[in-house]
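Step one of this worksheet: look at the structure below.
The values are calculated or read from the model by the stated rules, or taken from the named source; none is laboratory data. This is a predicted model, so every value here is computed, not measured. No Cβ is skipped: glycine too gets one built from the backbone with ideal geometry, and neighbour counts run over all protein chains shown. In case anyone asks, the SASA skips ligands and DNA or RNA and just uses the protein heavy atoms, side chains included. Shrake-Rupley method; radii C 1.70, N 1.55, O 1.52, S 1.80 Å.
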2 protein chains.
Amino acid sequence: MRGDNPNSKSRAVTLRDAVETEIVTGALKAGERLDEVQLAARFGVSRTPVREALHQLAASGLIEMRPRRGAVVAQVSPDRLVEMFEVMAELEGMCARLASRRLSDQDKEALLLAHRKCQEAAHHGDADKYYYENERFHHVVYRASRNQFLAAEAIRLHNRLKPYRRLQLRIRGRITTSIAEHEQIVTAILDGQGAAAQEHARAHIVIQGERFADLMASLNHLDEVS
Amino acid sequence: MRGDNPNSKSRAVTLRDAVETEIVTGALKAGERLDEVQLAARFGVSRTPVREALHQLAASGLIEMRPRRGAVVAQVSPDRLVEMFEVMAELEGMCARLASRRLSDQDKEALLLAHRKCQEAAHHGDADKYYYENERFHHVVYRASRNQFLAAEAIRLHNRLKPYRRLQLRIRGRITTSIAEHEQIVTAILDGQGAAAQEHARAHIVIQGERFADLMASLNHLDEVS
DNA sequence: CTCTCGTGTTATGTATACAAGAACGCTTGA
DNA sequence: TCAAGCGTTCTTGTATACATAACACGAGAG
């Protein structure tokens, strides 16, 4: 639309990313309806590319498309959320385990850097920065697995869980605990202790899943009240 | 198109499934071009639904869409294939581990039945039947994990690996070995030995991955020659 | 007063027309 | 004869028009 990218597919990516960002950041809330005409008008395109973007989002699980009844932002039940975190934990654990065996010097540096930045953000009490650096840290671990397919799948699921992850930083003391868990993961990976790295990474996510489930349950309760 | 299903979305699903089946069964070979107009004509619809189906297939990874250059059946490199099997192994292991902890009476019965049917097919030397029953067996394990999201992801990846899985049955003695591995998995799950179940299931897939990588390498070699 | 049925409106699904880029071949020159 | 440049043609990407299903609102009957 705005020629910000010479790549011919820039528009489609832009449109998809824009809607995705709005969902992930919470600008579009769960269950909210996504009107094709409205989106088309807002982005200055016709319904056709909008529909394609929505289908892509549906494929990634961020939205649900009910035939003849339009698209809505996916409403994830607490049960399903727990399941998703369970899988995320396994993927993270796998990444950590593989990383501990295959760690290159580059990945080692990247890992230490990302960990240090997390610590800095936590030290300054900057929740938003920690959120960002935490994401970088996890992506570094994914890449360090030296399994591109795994990394892509991990990022996909990570993105899908983003909206819930963001909520979690509100929990008092979570950042401090999170840093300590990162420390254990990093140490195990650097020491080449695959099993330990896997378990620490798994636990790190499982804990988040449990916290989120609690949060979700309470949020749902609030929704019912309001 | 043919009113074989009153559901309004039947056409889209049918179209997607049809193309997917052709890819999975090898009717459409890797790298082959998918012409929108041609597909539209073949299925008696316009390009619009064809494009949507292609986008869905691209999202699931079965085809690749290069901007302005059309869609081709995804060409998976041996490296990438090994990576995918590595992830599949982890998911299968996870399913087996969870199943061993959460096994319901229903799932137990289904597991034993599926295993028995595999044995029968193997006993009769019916490779096609074994292929089918083997798939059922794995699906039973996925479901027994009592994690619907995990099961869905496992099925998704399983489907994506189908074309390669099919090739693998050609390997002499593979079916017998496969059955023995199933036996170990079933026993561990029934005994509630999570770690053992996970490891057996993982190994079961890792072995396949290695076999397939060998096959792929030799097939690619043949391609180059021809 | 409530429930149900019917009609009108709105939005989705599909078809078709148009725009633009990429592949291919042809011509022309060396 | 070969290579390079240009134009044609074919295919994709987008817009728009039309068909049809779902929803909402209102009227009428019980």
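Side notes on the structure shown:
- Failed condition for A:LEU57, given (1) in a helix (DSSP H, G or I); (2) within 11 Å of chain B (Cβ to nearest Cβ); (3) open to solvent by 30 Å² or more (accessible area, probe 1.4 Å): (3)
- Qualifying residue in region B:135-153 (condition: away from chain A (no Cβ under 14 Å), more than 27 Å from A:VAL82 (Cα to Cα) and among the β-branched types (Val, Ile, Thr)): no
- Which numbered condition B:LEU57 misses (of (1) near DNA strand C (Cβ under 9 Å from one of its atoms); (2) modelled with pLDDT of 90 or more): (1)
- Extreme residue, nearest to DNA strand D (Cβ to nearest atom), among residues of region A:61-89 that are open to solvent by 30 Å² or more (accessible area, probe 1.4 Å) and in contact with a Gly (Cβ under 6 Å, 6 or more places away or on another chain): A:GLN75
- Residues of region A:67-96 that turn out to be within 27 Å of A:ARG146 (Cβ to Cβ) and more than 9 Å from chain B (Cβ to nearest Cβ), as a count: 6
- For A:GLY125: the one exception among (1) in contact (Cβ under 8 Å) with a residue 60 or more places away in the chain; (2) small (Gly, Ala, Ser); (3) part of a loop (DSSP other than H, G, I, E, B): (1)
Okay, residues lined up against (1) more than 16 Å from DNA strand C (Cβ to nearest atom); (2) assigned to a strand (DSSP E or B); (3) at pLDDT 90 or above:
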| position | (1), (2), (3) |
| --- | --- |
| A:MET1 | no, no, no |
| A:ASP4 | no, no, no |
| A:VAL13 | no, no, no |
| A:VAL45 | no, no, yes |
| A:PRO49 | no, no, yes |
| A:LEU81 | yes, no, no |
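- All of (1) open to solvent by less than 10 Å² (accessible area, probe 1.4 Å); (2) of a type outside the set (A, V, I, L, M); (3) within 14 Å of chain A (Cβ to nearest Cβ) hold for B:SER178 with one exception: (3).
- A:ALA41 being open to solvent by 30 Å² or more (accessible area, probe 1.4 Å), more than 14 Å from every other protein chain (Cβ to nearest Cβ) and within 16 Å of DNA strand D (Cβ to nearest atom): yes
- Filter pass, B:ILE171 being modelled with pLDDT of 95 or more and either closer than 14 Å to B:CYS95 by Cβ or not in a helix (DSSP H, G or I) (or both): no
- Among the residues listed as B:ARG136, B:ARG202, B:ARG172, B:ARG165, the single one being touching a residue at least 60 places away in the same chain (Cβ under 8 Å) and either farther than 17 Å from B:VAL24 by Cα or under 15 Å from the mean Cα position of the chain (by Cα) (or both): B:ARG202
- Residue within region A:107-116 that is assigned by TED's automatic domain parsing to the domain that holds A:GLU199, under 16 Å from the mean Cα position of the chain (by Cα), in a helix (DSSP H, G or I) and over 19 Å from B:MET88 (Cβ atoms) present: no
- B:HIS138 falls short of the stated requirement of being assigned to a helix (DSSP H, G or I) and touching a Phe, Trp or Tyr at 6+ places or on another chain (Cβ under 8 Å).
- Verdict on B:LEU34 being within 16 Å of DNA strand C (Cβ to nearest atom), surrounded by 14 or more Cβ atoms within 10 Å (Cβ to Cβ) and modelled with pLDDT of 95 or more: yes
- The set of residues in region A:111-134 that are at pLDDT 95 or above and open to solvent by 30 Å² or more (accessible area, probe 1.4 Å) comprises A:LEU112, A:LEU113, A:ARG116, A:LYS117, A:GLN119, A:GLU120.
Yes/no per residue for (1) among the hydrophobic types (A, V, I, L, M, F, W, C); (2) touching a helix residue (DSSP H, G or I) at 6+ places or on another chain (Cβ under 8 Å):
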position	(1), (2)
B:ASP128	no, no
B:PHE137	yes, yes
B:HIS158	no, yes
B:GLY173	no, no
B:ILE189	yes, yes
B:ALA201	yes, yes
